[in-house]
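The values are calculated or read from the model by the stated rules, or taken from the named source; none is laboratory data. Bear in mind the structure is a predicted one, so any value in this text is a computation, not a measurement. FYI the Cβ positions are ideal-geometry reconstructions off the backbone, even for glycines, and counts take in every protein chain you see. Keep in mind that these areas ignore ligands, DNA and RNA; they rest on the heavy atoms of the full protein, side chains included. Shrake-Rupley method; radii C 1.70, N 1.55, O 1.52, S 1.80 Å.
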Amino acid sequence: MSLSRWFLLAASALVACPLLLAQRPSMHLPQQVVAGSAFSISTGGSGQGTLTIVGPGQALRRSVQLGSPVSIPAGVLYNAGDYVVILANGSDEQAGLIEVTPAQQPARLSFLAEPSRLPVDLQNGISGTVYVFDIYRNLIVSPMPVSFNLSDSLGPAQTRTVTTRNGVAWTRMNSAAKEGSARFVASVAGVASTRVIDEVPGDPCNLSMTAVPDKGGEAKLQTAPVRDCSGNPIPDGTVVTFTASFNGMQSTVDVPLKRDIAEVELPLPSGASVSVASGVVAGNEIHWRGQ
Amino acid sequence: MIRRLLLLACALSLPLAVHAQDATVQVLPPALDGSRPLEALTGSAVVRDYLQSWAAFRSAFDQNAPQLLNQDFVGAALTRLDGTIADQGRLGIHTRYTARSHRLRIVFYSPDGLSLQIVDHVVYDEQVMQGATVLATQPVHARYIAVLTPSQTRWQVRFFQAAAK
């Protein structure tokens with residue numbers, strides 16, 4: 001090969017190499033960005049390229065001018081997680097990773113309170129679980145204090161503050177001594193969620209009855225006002241069972257409570273015994289003498 | 001000669017490729033912080049269903065087939081993953097997530113038994129593909145948080161997010 005040819009080849013290489021190198025895309029990624037925030041990726045190279053961002057949470061692509069920073073506006077990349085970022089120019093590409101973290105401002109709570117209805121005066125009977133999310137429904141995993149407040153119409157409110165762990169906080173509360181609706185509120189940084197808990201009377205307490213003869217000579221059985229152990233009236237319709245026994249024979253009558261009282265008239269022979277019960281609660285027993 | 005070498009390379013790589021789908025799994029003892037005791041059977045069912053959800057996730061994203069998620073994901077997780085698969089379809093790409101290892105721990109079981117949380121330190125390769133062409137392969141070390149809820153027959157992933165490491 002002649003000297004002039006060598007010279008031409010070398011000159012061509014000198015001219016072409018910087019051009020080729022200049023066209024190779026390169027980028028500098030931020031390690032972390034906050035979900036939904038604007039950010040910028042600086043790029044190197046020349047010409048047109050494409051930027052692809054893909055992860056389990058989102059996939060998007062932008063046409064870019066290599067050598068200029070790529071601006072991702074606010075609200076574009078908003079699902080927290082890890083993303084692969086690919087900057088490509090023809091067959092050349094550079095890839096990297098970017099981590100999108102949840103925004104730190106809570107916007108939504110997923111609050112589950114259980115049960116929605118329970119008897120009064122039950123220790124740790126109510127549970128509340130809260131998951132804390134940002135505006136894009138990303139779980140905020142950094143610790144945050146959650147305030148739980150259970151209040152009814154009468155008693156003082158129960159309050160607990162629990163710090164989230166991996167985005168979740170939970171607590172247990174006692175039901176009130178008085179029946180009624182209780183408001184169970186969970187709140188974090190000004191965001192609150194409320195559930196209504198229906199607190200109903202518990203089992204009857206100190207169930208007792210009296211028996212008197214009526215005008216026709218039958219026994220009139222009547223309970224005292226039926227209440228739970230906290231003094232709440234048992235709801236109308238609750239069944240009270242009267243059981244009469246005589247000479248080995250037994251008969252039962254179910255009577256629903258009406259205005260706190262259950263009453264029934266029974267033809268009882270003298271010497272019969274009568275008992276009263278409601279659910280698993282047994283009351284007193286009477287030996288009927290006919291008077 | 002070159003053809004022989006290629007055949008040999010293919011024969012060697014085949015068992016490795018099959019093996020690569022079987023990630024190593026380490027299950028750490030639960031750290032429930034008193035929320036609710038966890039029966040051993042429940043714990044193993046949760047881990048089994050969670051790992052199965054990863055397999056479904058991998059297949060769905062590789063094939064851009066969101067219906068493959070329906071058995072294992074519900075709620076917000078399903079909506080989010082469905083959306084990403086739709087994005088992938090629009091861009092003409094698909095992604096292959098090949099898990100290398102999972103290190104799992106159940107960290108929360110709600111007092112009512114209606115939700116359960118797993119933290120998974122997972123190592124996987126994310127391969128972004130356009131047709132059969134690999135655009136990029138990136139190894140990822142992530143800390144996933146998943147919230148699972150019981151359905152009639154299994155635990156389903158209701159929330160699925162890589163959290164800060």
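Look at B:A20 and say whether it is under 15 Å from B:H102 (Cα atoms) and at pLDDT below 50. Here the answer is yes, as B:A20 does meet what is asked.
So that you can scan it fast, the table gives a plain yes or no per residue for (1) in a strand (DSSP E or B); (2) within 14 Å of chain B (Cβ to nearest Cβ):
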| site | (1), (2) |
| --- | --- |
| A:L150 | yes, no |
| A:T159 | yes, no |
| A:V162 | yes, yes |
| A:R172 | yes, yes |
| A:S175 | no, no |
| A:K178 | no, no |
| A:R183 | yes, no |
| A:S187 | yes, no |
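Please tell me if B:A40 is at the interface with chain A (Cβ under 8 Å from one of its Cβ atoms) and not aromatic (F, W, Y). When the stated conditions are applied, B:A40 does not pass them. Selection of region B:144-165 for residues being part of a strand (DSSP E or B) and either exposed (fewer than 14 other Cβ atoms within 10 Å of the Cβ) or at the interface with another protein chain (Cβ under 9 Å from one of its Cβ atoms) (or both) yields B:Y144, B:I145, B:V147, B:F159, B:F160, B:Q161, B:A162, B:A163.
Could you tell me which residue of region A:103-139 is farthest from A:G231 (Cα to Cα), considering only residues that are in contact with a Leu (Cβ under 7 Å, 6 or more places away or on another chain), open to solvent by 10 Å² or more (accessible area, probe 1.4 Å) and in a strand (DSSP E or B)? Restricting to residues being in contact with a Leu (Cβ under 7 Å, 6 or more places away or on another chain), open to solvent by 10 Å² or more (accessible area, probe 1.4 Å) and in a strand (DSSP E or B), the top hit is A:F133.
Residue pairs whose Cβ atoms lie under 8 Å apart, sitting 6 or more positions apart in sequence or on different chains, and linking a residue in region A:207-234 that is assigned to a strand (DSSP E or B) to a partner that is hydroxyl-bearing (S, T, Y) and modelled with pLDDT of 90 or more, are A:M209/A:T223; A:L221/A:T210; A:Q222/A:T210; A:T223/A:S208. So is A:G216 more than 14 Å from chain B (Cβ to nearest Cβ) and open to solvent by 60 Å² or more (accessible area, probe 1.4 Å) or not? Judged against the criteria, A:G216 is a match. Listed by first and then second residue, the pairs with beta-carbon distance under 6 Å, at least 6 apart or on different chains, first residue in region B:68-85 and more than 7 Å from chain A (Cβ to nearest Cβ), second open to solvent by 10 Å² or more (accessible area, probe 1.4 Å) and among the hydroxyl-bearing types (S, T, Y), are B:L68/B:S59.
Against the test of being surrounded by 14 or more Cβ atoms within 10 Å (Cβ to Cβ), over 25 Å from A:T164 (Cα atoms) and either more than 18 Å from the chain's Cα centre (by Cα) or free of Cβ contacts under 8 Å to residues at least 12 places away in the same chain (or both), the options B:S59, B:S53, B:S35, B:S44 yield a single qualifying residue, B:S59.
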